[in-house]
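Structure first, then comments.
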Amino acid sequence: MILDSARVEIGDDTMIGPGAQILCAQHHKDPVKRAAGQEIALPVTIGRNVWIGAGAIVMPGVTIGDAAIVAAGAVVTRDVAAGLTVAGVPARPL
């Protein structure tokens with residue numbers, strides 16, 4: 001059961017590579033709520049002119065600023081500032 005819905009907003013001229021994933025659903029930390037099938041939905045916002053590489057994963061609740069670059073295979077667990085390039089697991093600034 002999803003408790004709420006969440007939006008994914010993607011700005012103009014953003015490129016998303018093959019196999020990239022944008023996730024909104026997140027499980028509860030409380031095992032009773034998880035066992036009941038409850039999930040949390042958090043929005044994801046991706047700015048303009050962003051490049052998300054192949055196989056990257058953007059986790060629930062993340063905002064990626066304009067003109068940022070997410071390297072292939074990166075796992076984005078925190079917000080990415082405008083113009084920043086991130087890579088790795090978890091994604092960190094280069």
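The values are calculated or read from the model by the stated rules, or taken from the named source; none is laboratory data. In this text, all values refer to a predicted model and were calculated from it rather than measured experimentally. Don't worry about glycine lacking a Cβ; one is built from the backbone with ideal geometry, like all the others, and counts go over all protein chains shown.
If the condition is being surrounded by fewer than 14 Cβ atoms within 10 Å (Cβ to Cβ) and either assigned to a loop (DSSP other than H, G, I, E, B) or not small (Gly, Ala, Ser) (or both), then the range 35-45 contributes Ala36, Gly37.
The residues of the range 20-66 that are over 16 Å from Ile10 (Cα atoms) and not small (Gly, Ala, Ser), listed by number, are Gln26, His27, His28, Lys29, Asp30, Pro31, Val32, Lys33, Arg34, Gln38, Glu39, Ile40. Going through the range 1-29 one residue at a time, which ones are assigned to a loop (DSSP other than H, G, I, E, B) and modelled with pLDDT of 90 or more? Correct list: Arg7, Gly11, Asp12, Asp13, Thr14, Gly17, Pro18, Gly19, Ala20, Leu23, Cys24. For the range 52-70, does any single residue satisfy the condition of being more than 10 Å from the chain's Cα centre (by Cα), within 17 Å of Gly19 (Cβ to Cβ), without any contact (Cβ under 8 Å) to a residue 24 or more places away in the chain and part of a loop (DSSP other than H, G, I, E, B)? There is no residue in the range 52-70 that is more than 10 Å from the chain's Cα centre (by Cα), within 17 Å of Gly19 (Cβ to Cβ), without any contact (Cβ under 8 Å) to a residue 24 or more places away in the chain and part of a loop (DSSP other than H, G, I, E, B). Looking for whichever is surrounded by fewer than 17 Cβ atoms within 10 Å (Cβ to Cβ) and either in a strand (DSSP E or B) or of a type in the set (A, V, I, L, M, F, W, C) (or both) here; the options are Val86, Val32. Which one fits? Result: Val32 is the single residue among Val86, Val32 that is surrounded by fewer than 17 Cβ atoms within 10 Å (Cβ to Cβ) and either in a strand (DSSP E or B) or of a type in the set (A, V, I, L, M, F, W, C) (or both).
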